[in-house]
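Read the structure below first, then the notes.
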Amino acid sequence: MSLSLISVNLTTLALSTLIYGAYAVLFFISMYLLVGKYDSTHTSHKSRQDGSIFKSLVFVSAILLFITVTAHWITLVYRAFLAFVVLQDGTEAEIFFGDQTQPSAVVSNSILALAILIGDAVIIYRLWVVWSYNKLVLVVPAFTLFAFTIVSSVSTYTTWRNSDVFANPWLKIDTVLTLITNVYCTAFIAWKIWTITRITMPSDGSNLRHFLIIVVESAGFYALWAVLFVIAYEFKSNLQLTIILTSPAVVGLVNALIQTRVGLGWTSEQTKVMPWPASPLCFAARVNDQV
């Protein structure tokens, strides 16, 4: 039995609100910890006081992602009110949800693509830092990120012109591109950290191992979400709407989990003096930048 658009969109709103709520809590906790960690470092490195937490790429990207995910959640709530309150007291809800050419749907899809784009850019930045700013390792994810930007724009335009989402082949390409970006970056981050920590003393590499665990777990969760979407889309199930429309909240939650554990001191991208024997892993990061 096929799922009705009304039940799917109500499920989407409930699930998205639940995930967004968890994300919002973790976001504010991670920002508090991030600012606190910066203040501590700022105080203990008085000779390096020219930096600012507001210039940190991690801080700025986290703020941008939160604004984007929040905006997307607001569009979901707004569309629910339009469908059940404004338009014929809910009698036209099924038609409304099925019409992806609605301005609110176009805005929602555009913000969705932007949230995923920011999330992919953040994990690419983590890869760059872990590999000590080696540009060569960025070739593949930079290409997939650029391709995602182009394809997502085409996909949004195609959906705007044709309300039948199952007639839009670009959606699957979007998902495959972001999946490649996340799997590639996670694999190379994991390989770099594992290579270094396996030859260091446990006390020297324990923080990096904790970071490795949370990165792999988060990437695995996001990858599972992407695979579920492809499966639902292939079977032409309306459940794909729930999966894709909750993606921004999932992206935010995954990043907030990493940021929170970083803020708790499990790991850091800051260059620091290690007790002898020192780890061969050297992060060429700025003082105010963290994972």
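The values are calculated or read from the model by the stated rules, or taken from the named source; none is laboratory data. In this text the structure is predicted, and so the values were computed from the model without any measurement. We place every Cβ from the backbone using ideal geometry, glycine too, and count neighbours over all the protein chains shown.
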Odd one out for residue 100, checked against (1) at pLDDT below 90; (2) in a helix (DSSP H, G or I): (2)
Selection from segment 190-220 of residues that are among the hydrophobic types (A, V, I, L, M, F, W, C), surrounded by 14 or more Cβ atoms within 10 Å (Cβ to Cβ) and modelled with pLDDT of 85 or more: 190
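Here is a list: 5, 82, 34. Which entry is under 19 Å from the mean Cα position of the chain (by Cα) and either over 19 Å from residue 117 (Cα atoms) or modelled with pLDDT under 90 (or both)? If you could, list the steps in order and put the result at the bottom.
Working: 5 fails: under 19 Å from the mean Cα position of the chain (by Cα); 82 fails: under 19 Å from the mean Cα position of the chain (by Cα).
It is 34.
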